[in-house]
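Only one structure is covered here, and it is reproduced in the block below.
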Amino acid sequence: MIPRRESGKGDVQIEILFCGICHSDLHTVHNEWSGSGVPTVYPYVPGHEMVGRVTKVGSAVTKFKPGDLAAVGCMVDSDGTCPECQSGLEQYCSNMIATYNSPDGRLGGVTYGGYSGSIVVKERFVLRVHSNLDLAGAAPLLCAGITTYSPIRHWGVTKGKKVGVVGLGGLGHMAVKFAHALGAHVVVFTTSSNKKEDALRLGADEVVVSRNVDEMKKHAGSFDFILDAVSAEHDINVYIQLLRRDGNITLVGAPSKPLAVPAFSLIFGRHSLSGSQIGGIAQTQEMLDFCGKHNVTADVEVIPIQKVNEAYERLSKSDVKYRFSIDMASLKSR
Ligand code: NAP
Ligand code: ZN
């Protein structure tokens, strides 16, 4: 059993029904980000894509009651007072507490994630999920969804824009759905030629197998925006060259090794390279409402917790269509 705090005045206790498996869970399991200042504290419990049902609320809670659907993503606390929090950008608060592997101010040690039967979270970090959505597919919206929705909104993706998505994994396939729903012309870049048909079905207008140099050249200087959702070391320069003047490429993928960026790739064409971290709470709710309205969920392979090691093996080989979602009822059948 992992410890969870007693639910306090401002807390919501949630029975977790589904939890997605993010590549960040896998990076953290293997302590791959220690060089970037985020060492893993073991024992470690992954999981930051949770959907469940409220079982108990504190006396000061106003937005939830027992029986409601609720969701929790990558953050469980922040100071609430800094300029970032005041702007609804809690993910950039220097005192943000991540759902796992962050200092736990109440119980001591570190926070434990959602591969678990229940969790207790401050109301401000609990989200609403629309009841028309498939819950297993809704869970990944809490990280893969918001992490792609946020930069897509920030960089003004809309009808008439040419948008690239690099890497058709959990994040990438959500980016395709959002950019398509917003009316952009979407091109997927993949290393997996067997994902071509899926990419088109998910909403891509074109698919390029990135190892095909001739195919890549056809798109030179043409993109307004490219979202790079690749989990491993790769050559980012080939994508910078595809940007038009003032085009932007945003990294959401977080490989552990640095990427080489030649200065002239950015200088010529006034290109910009940025990063983006998940999204704030208000925008996460906006994204969930957008998904409820447009019936958008992740494409998931639902697994019992007993298959988690097999799922990690497959995720490390880019072999998942397109997110694993753990059915937490399986925790009860050992
Ligand atoms: P994922 O499902 O494993 O998808 C990653 C995709 O990257 C793969 O499906 C594959 O797509 C491509 N890829 C993998 N290895 C590659 C290689 N060696 N060269 C080129 N392409 C490769 O992972 P995910 O859960 O979407 O997460 C993606 C990355 O985003 C991870 O690094 C994760 O930690 C990070 N992340 C960041 C944030 C944030 O706030 N910025 C939030 C969540 C996750 P193809 O088969 O199509 O080539
Ligand atoms: Zn994640």
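The values are calculated or read from the model by the stated rules, or taken from the named source; none is laboratory data. Computed from a predicted structure; not experimentally measured. Cβ: placed from backbone, ideal geometry, glycine included. Neighbour counts: every protein chain shown.
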Set SER78, SER116, SER7, SER24: member being modelled with pLDDT under 95 and either over 24 Å from PRO151 (Cα atoms) or within 24 Å of the chain's Cα centre (by Cα) (or both): SER7
Which one of LEU315, LEU273 is farther than 16 Å from CYS22 by Cβ and surrounded by 14 or more Cβ atoms within 10 Å (Cβ to Cβ)? LEU273
Scanning segment 46-60 for residues that are in contact with a Ser or Thr (Cβ under 6 Å, 6 or more places away or on another chain) and either within 16 Å of ligand 2 (Cβ to nearest atom) or over 11 Å from ASP11 (Cα atoms) (or both) gives HIS48
Wholly inside segment 259-334, strands (runs of 3 or more DSSP E) that include 3 or more residues that are in contact with a Cys (Cβ under 9 Å, 6 or more places away or on another chain) are 323-327
Given the residues ASN101, ASN95, which is the only one that is part of a loop (DSSP other than H, G, I, E, B) and either crowded, with 19+ Cβ neighbours inside 10 Å or touching a helix residue (DSSP H, G or I) at 6+ places or on another chain (Cβ under 7 Å) (or both)? ASN101
Looking at segment 179-201, which of the residues that are touching a His at 6+ places or on another chain (Cβ under 7 Å) and within 14 Å of VAL166 (Cα to Cα) is surrounded by the fewest Cβ atoms within 10 Å (Cβ to Cβ)? VAL187
Does segment 164-175 contain any residue that is more than 10 Å from ligand 1 (Cβ to nearest atom) and assigned to a loop (DSSP other than H, G, I, E, B)? no
Condition check for GLY269: farther than 21 Å from VAL176 by Cα, of a type outside the set (S, T, N, Q) and in contact with a Gly (Cβ under 8 Å, 6 or more places away or on another chain): yes
